[in-house]
1. Taking 0.36 nm per intervening residue step and subtracting the Cα-Cα distance, what contour gain separates Ala21 from Glu258 on full extension?
2. Pop the C-beta distance of Glu199 and Ala59 into the FRET formula with R0 = 30 Å and round what comes out to the nearest 0.05.
3. Of the peptides 160-170, 205-215, how do they stack up when ordered by the mean number of other Cβ atoms within 10 Å, highest first?
4. Among the lysines, select those whose C-alpha is under 28 Å from the C-alpha of Lys60, and discard any that sit fewer than 8 residues away in the same chain.
5. Computed FRET efficiency, Cβ-Cβ of Gln229 and Ala68, R0 25 Å: what is it to the nearest 0.05?
6. How far apart, in nm, are two points set 7 Å out from the Cα along the Cα-to-Cβ line at Gln219 and at Arg207?
7. Kindly state, to the nearest 0.05, the FRET efficiency for Ala290 paired with Arg251, given R0 = 22 Å and r defined as their beta-carbon distance.
8. Ordered by packing density, taken as the mean number of other Cβ atoms within 10 Å over each peptide's residues, highest first, how do 278-285, 235-242 rank?
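Please treat every number below as a calculation from the coordinates, not as lab data. Computed from a predicted structure; not experimentally measured. All Cβ positions, glycine included, derive from the backbone under ideal geometry; neighbour counts span all protein chains shown.
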Amino acid sequence: MNAIPHATALPAAPAGTPQLALPEFITLMGKLRPRLHRYCARMTGSIFDGEDIVQDTLAKAAQAYDPATVQHAEGWLFRIAHNTAMDFLRSKAREEVHLADEEPDTTADPHASAELRHATTAALRTFMQLLPAQRSAVILADVLGYAMDEAAEVMNVSLPAIKASLHRGRLRLRELAQQPQDKAPPPALSPADQALLTEYAARFNARDFDGLRDMLGDQVHLNLVARLQLDGKAHVAEYFGRYSAVTGVMRVTPTNIEGRPAIWLHQESDSTVNGDYIVGLEWRDGKLIAIRDFRYAFYFDDGVLFDI
């Protein structure tokens, strides 16, 4: 990722605003993680890329945080997330990016209440049809509930500019909501990935965890989202031990999410983790090189997975 421009340039908070020590700030980051993911996933159109940006954001923030200079911690954190997401879009060359691509327009939007519904129910792919400035303004204001001045600080634009972006973004969402829904499936998996995914699911359902360990590459990476990360076959092999100890109903279904191999895992045993969640998988040369397990990412309960 590129360097973050103006990441600490937020205006000072009103006099008397408490400053947060680093441990308090780390706690705040944890609490804001669901909102950060809602923003980043909708900015990138991907739950996986959104999670990568969240992790990058939290790492940058933990390293750069200085209570002596950061007066508005939440806004500062979202500024980092916004800039990181914009850097991601540039690096992927998905579309031409204009951070302030709107002419100021302060026209009142008579459909604002209806647009709240469009914004909160829109699928990730729908947001990708908005220009980045419009997308960011709609997500901040209508999905996350930020005030206009707060959203302007996050995006580092003027108040008239963000009002224009929000107005035009809402109009575009309303247009898209009136169009027939595009239910096109994600890109198909390669035959090799599909075969490996089917084998992985079959071994998991048979509780053949030794067989799953045999599928690991030497340099495999495990991301147990919001909990821990491990590297190397010897360490990641221990991951399956946790599942082997599970009692009760546990089954997986192979699936394709965003054109990437994954499994839906249904578990009814642990009082802290019941229901469905996903595990993303990645292979190279027939070996598993990455596992991304969303077991502890409770913020996916907002239904975003079902809207992609």
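1. On the way: separation 237, 0.36 × 237 = 85.32 nm, distance 3.90 nm.
The Ala21-Glu258 span can extend by a further 81.4 nm.
2. On the way: r = 34 Å, r/R0 = 1.13.
Calculated transfer efficiency: 0.30.
3. Order by mean packing, descending: 160-170, 205-215.
4. Filter leaves Lys31, Lys92, Lys233.
5. On the way: r = 30 Å, r/R0 = 1.21.
After rounding, the FRET efficiency stands at 0.25.
6. Roughly 3.6 nm, to one decimal.
7. Numbers: r = 22 Å, r/R0 = 1.02.
Between Ala290 and Arg251 the formula returns 0.45.
8. Details: 278-285: 17.4, 235-242: 15.5.
Peptide ranking by packing, descending: 278-285, 235-242.
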